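First comes the structure, then the notes that go with it.
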Amino acid sequence: MSLLASLPVLFSQFVLPGVEGRLRPYIAWGILLGDPGLTIPGILGGVLLWVKVVSLLCLITWVAGWVSSALKDWTMGRFTWLDYGALGAIILGISAAALQILEQTQRIKVYKIANIYSHDLLALIAIVILFLWVESGLWRAIAREKKRIDTLVLVGIHMALALGIAFGLYLASMTPPPPPGSKIPGYTWRNGIVDGARWSATYMGYVVFLRVILMAIGELLRVRARRLTSIALLSITESVRRMWAPWVVITVFLVILAFTHWFLAPPRIAEMGRIYVSTLSFLCMILLAVMVTILTPLSIPHDIQNQTIYTVVSKPVRRIELIWGRMIGFMAIVTVLVVVFYSISLLYLWRNVGGAIRDTEALASKEAQAGRMTQANQLRDQADQLRNRMSARMPIEGSLTFLDSKGTRHLVGIDVGGEQSMKRPRSHIEGATAATAIWTYGPAVPDPFDPEPDPRRQRRLSRPVPVETLLDPDSLEGLLNRVLNVRYLIRSAEEERNDPKVTPARARQLSASIDRNRAEEKRATSAYVKLKSEIDEIEAKAAALPADRAAEADSLRRQAEALHSRPFTLEMSFNVYRTTKGRIGDPVYAQVKVVNPVTGAEKDNIIPIREYYTNRLVIPAGVLAGSLNALRVEVRCMSRTQYLGMAEGDLYILGKSGNFGANFFKGLLGVWLQAMVLTAIGVFAGTFLSWPVALLTTIFFFLTGEVFFPYLLEFSNQSLLGGGPFESMLRMIAHENQMSEMTPTLTVITAKTLDSIFNPVMARLVYIVPNFSALDVSNTVSHGYYVPWMLMLSNGLLALAYAVPFSIAGYIILKNREVAA
């Protein structure tokens, strides 16, 4: 079997029964390659989804380009019967949408013709007529231009269309009918044709995508760095001399920064770092976005308007070099500005936030010297919270489940009616009851949201505790962990060897492994006993010293402590929902129990919960010994009539803290990636639009991708409350709520009909409009959490996945546009 067919596919079980086992991988890959809505995990899945989306866009653009060329016949007054039929098909499609709305609102009865719904039949007729019209236009336009490569593409997409429909019909023929009395509908030939037509659209896109790739490769081989550099330098010179863009941006940044501290008043001193970092990141993003939005759409239209582009294109300069040279020049300016913003911002944060930390610590020392320890401890906590925000903490998160007051397991706790985040929903546990929040760690933790009832088939989450990182291998706990791990391996091997089904060869391998592990256990146990004796001897010496030799005793205790692994830290940020005020100043207490599920070792603590602060709990490292990277943390609320609220990310093991400066640079690197995508869009828009329209187009893409992208996702998922935009507008005018059904009047039916036409178009924008917010990691930086380099690499690939198609599209448009006299 080929490598492609043997790769594991996430939805290989999707293939219906009746298909031979050896064909299932091929069928699964056929569905995967054809359906844009399906993918697989990992980088391969992301690349595959990108290829499918870009292929569909290539198909749509290629067809639209040739159809628009065929429409030139209309300007010359030559109409065919198919042209009139296409106009009628558009009206027929709108009528089908209106008919479906009338049937759904029960204004008319539902009719079927040959077991097909009437609105589906009208839509099918309209699609067939439009398909024939497009076919006629494609053949007519390509034949007139006499382009051999496009003729081959046209033949190829027809072969892909036939392949997709044949594939769908094959699946329908191989799928057995449902058993008698089953409520599940069977997979009929109609389903096969519909699915095959949908898959064939992607297959046809691959043909056009291949044509674009071949054309792009030919251009890439002719690109020269010298010409790219010249055009980039020209773009830099125009931006600096003509528009003074970098100097204006730096001046505005410094002016705003000079008065920022007047207006940024954090509600709590601990929030100062978060507010300052997020404000600086937002300011950098806005200034760069405004500069790029103004510069990039104006460059090529101004060259065309001023006729300076004629000199460039008359030279041996490729169109792709003109596009990429412009982008490189603008991004060089953005790069310099990001470095300047980074340097100034770090100095600003060191002066303000760092100064606040130093002043708070100094004030705490004065309070301690004056004997006011309560105030001193509070000030130290504030300084510690500020330092937390100005770090790069690496959290190790677990999987959260709940037990109610009766001990029944639930996925979520009590909902107290507050606003919820869909990504991290917050639940509460009742105080002074058995209600418990449980964080589970392990290499293969069952996914609590997997509906599969069989634990053996449940989806698994990888939430391991990095014991090897948290425990020093030469420490007492590290040696104990090695001993316990080897003993576990010996027990597992012995159980497998005692299995009557094991083969003799496997039994011999297990016996050899047991012998090696027993020798390793003996060495590790000897080292552990020796080190423990040394620690006990040092501690005994320290305890035997008199009080006048306290300094020497402390030195011995530090020497013994150095032979242990450092304790690890749990960080928590819970909130409290108070049903009664209680006594002013009294905290809400929580019981935190850390349990090793393998050895049974545990550590139990009761701590006061400080809202809006990061609560810390230090756990001895010995709890991790022999845990096999698994751990369980149980939290209960101890205060009666109070509720403790938490989300999955509110409790975590602190791995280590990185450098804040490098982390802040990653935040600005995300802004740089946003600017790169916006630059590609602006240059693309300038290749075929006048500068005012290109400017508005670039602004539209940025605002939609940065602010309104969640609404596009709701469009694509069909999860909008209150209907589409037209129905929602009616609800606002009529003061109707989002949940109730509106009376099916003519206005309501018209609005729903327009929504049924408009919503699918808006849903497809999610594949075209870049998700700028996904490239922004400043929120993670401002909260003091580490941004992994792998995430930045993933975001870089995502930015390239957006920027490259826009630049190639701009090249194709510029190549086919007459720009020279």
Review point. How far apart, in nm, are two points set 7 Å out from the Cα along the Cα-to-Cβ line at residue 817 and at residue 527?
Key: 6.9 nm
Practice item. Would you kindly calculate the mean projected area, averaged across all directions, of the convex hull enclosing the Cα atoms of the chain, in square nanometres? Key: 49.4 nm²
Exercise for review: Could you list which residues have their amide H under 5 Å from that of residue 461, counting only those 5 or more apart in sequence or on another chain, with H placed in the peptide plane?
Suggested key: 445, 447
Revision key, fill the gap. Phi angles of the stretch 331-347, converted by Karplus (6.51 cos²θ - 1.76 cosθ + 1.60, θ = phi - 60°) into ³J(HN,Hα) in whole Hz with x for Gly and Pro, give 6, 5, 5, 4, 4, 4, 5, 5, 5, 5, 4, 5, 5, 5, 5, 4, 4
Practice item. Quote the accessible area belonging to residue 282 in square angstrom, nearest 10, computed with a 1.4 Å probe and with ligands, DNA and RNA left uncounted. Key: 120 Å²
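For residue 397 and residue 541, FRET efficiency with R0 = 41 Å and r from the beta-carbon atoms, rounded to 0.05?
0.45
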Review point. Local charge sum around residue 537 (other residues, Cβ-Cβ under 14 Å, Lys/Arg +1, Asp/Glu -1)?
Key: +1
Exercise for review: Rank these residues by their accessible area, most exposed first, probe 1.4 Å: 678, 220.
Suggested key: 220, 678
Revision key, fill the gap. The computed P(r) of the stretch 147-268 puts the percent of Cα pairs beyond 23 Å at 68 percent
Point to revise | DSSP-assigned coil residues among chymotrypsin sites (Phe, Trp or Tyr not before Pro) in the stretch 559-640, each with at most 13 further Cβ atoms within 10 Å | key: 612
Practice item. Could you point to the residue in 792, 172, 212 farthest towards the positive end of the chain's charge dipole, with +1 and -1 charges on the Cβ of Lys/Arg and Asp/Glu respectively? Key: 212
Practice item. Assign unit charges at the C-beta atoms only (+1 for Lys and Arg, -1 for Asp and Glu), then state the dipole size of the chain relative to its Cα centre in Debye, rounded to the nearest 20. Key: 1500 debye
Check your understanding: Given R₀ = 22 Å, FRET efficiency for residue 743-residue 721 by Cβ-Cβ distance, to 0.05?
Key -> 0.75
Check your understanding: In the stretch 694-760, which GluC sites (Glu not before Pro) fall in coil by DSSP and have 15 or fewer other Cβ atoms within 10 Å?
Key -> 741
Point to revise | Kirkwood-based shape ratio for the stretch 538-697, expressed as Rg/Rh from alpha carbons | key: 1.24
Point to revise | Furthest towards positive pole of dipole, 370, 134, 462, structure part the chain, Cβ charges | key: 134
Practice item. Please report Rg over Rh for the stretch 721-821, where both radii come from the alpha carbon positions and Rh follows the Kirkwood definition. Key: 1.20
Review point. Using modelled amide H (1.01 Å from N, peptide plane; none on Pro or chain starts), what sits under 5 Å from the amide H of residue 432, excluding residues fewer than 5 places away?
Key: 637, 638, 639
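Quote the relative contact order of the stretch 305-398 in percent (integer), defining contacts as alpha-carbon pairs under 8 Å separated by 6+ residues.
So the answer I get is 18 percent.
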Point to revise | Solvent-accessible area per residue for the stretch 472-564 (1.4 angstrom probe, square angstrom) | key: 67 Å²
**Study point:** Distant alpha-carbon pairs in the stretch 472-564 (separation over 22 angstrom), percent
**Key:** 49 percent
Practice item. Taking each pair of different alpha-carbon atoms in the stretch 668-726 once, compute 1/r for the pair, average those values, and report the inverse of that mean as the Kirkwood hydrodynamic radius in Å to one decimal. Key: 13.1 Å
Review point. In percent, how large is the relative contact order of the stretch 472-564, given Cα pairs closer than 8 Å and 6 or more residues apart?
Key: 35 percent
Check your understanding: Distance from the Cα centre of the stretch 459-516 to that of the stretch 148-176, in angstrom?
Key -> 53 Å
Revision key, fill the gap. If each part is reduced to its alpha-carbon centroid, the stretch 108-140 and the stretch 762-816 end up apart, in Å, by 38 Å
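Tell me, what % of the accessible area of the chain is carbon and sulfur with a 1.4 angstrom probe?
Whole-percent figure for carbon plus sulfur exposure: 64.
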Check your understanding: Where does the chain land at 222 nm, in deg cm²/dmol rounded to the nearest 500, when only DSSP H runs of n ≥ 4 count, each adding -39500 (n - 2.57), divided by all residues?
Key -> -20500 deg cm²/dmol
Exercise for review: For an R0 of 56 angstrom, estimate the FRET efficiency from the Cβ-Cβ distance between residue 657 and residue 81 and round to the nearest 0.05.
Suggested key: 0.15
Review point. What ³J(HN,Hα) values, in whole Hz, does the Karplus curve 6.51 cos²θ - 1.76 cosθ + 1.60 give for the stretch 505-518 when θ = phi - 60°, with x put for Gly and Pro?
Key: 5, 5, 4, 5, 4, 5, 5, 5, 5, 5, 4, 5, 5, 5
Practice item. Could you grab the relative contact order for the chain? Cα pairs under 8 Å, six or more apart, rounded to a whole percent. Key: 15 percent
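Test of the criteria: in the stretch 66-169, which chymotrypsin sites (Phe, Trp or Tyr not before Pro) are in a DSSP loop and have at most 14 other Cβ atoms within 10 angstrom of their Cβ?
Passing both the DSSP loop test and the Cβ count: 79, 111.
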**Study point:** Net charge of Cβ neighbours under 15 Å - reference residue 723; Lys, Arg +1; Asp, Glu -1
**Key:** -3
Point to revise | For the stretch 565-630 and the stretch 647-699, distance of Cα centres in Å | key: 37 Å
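The values are calculated or read from the model by the stated rules, or taken from the named source; none is laboratory data. Owing to the predicted nature of the structure, the values given are computational and were not obtained by experimental measurement. When we count neighbours, we look across all protein chains shown, and the Cβ atoms used for this are built from the backbone with ideal geometry, even at glycine. Ligands, DNA and RNA are excluded from the accessible area calculation, which covers all protein heavy atoms including side chains. Shrake-Rupley method; radii C 1.70, N 1.55, O 1.52, S 1.80 Å.
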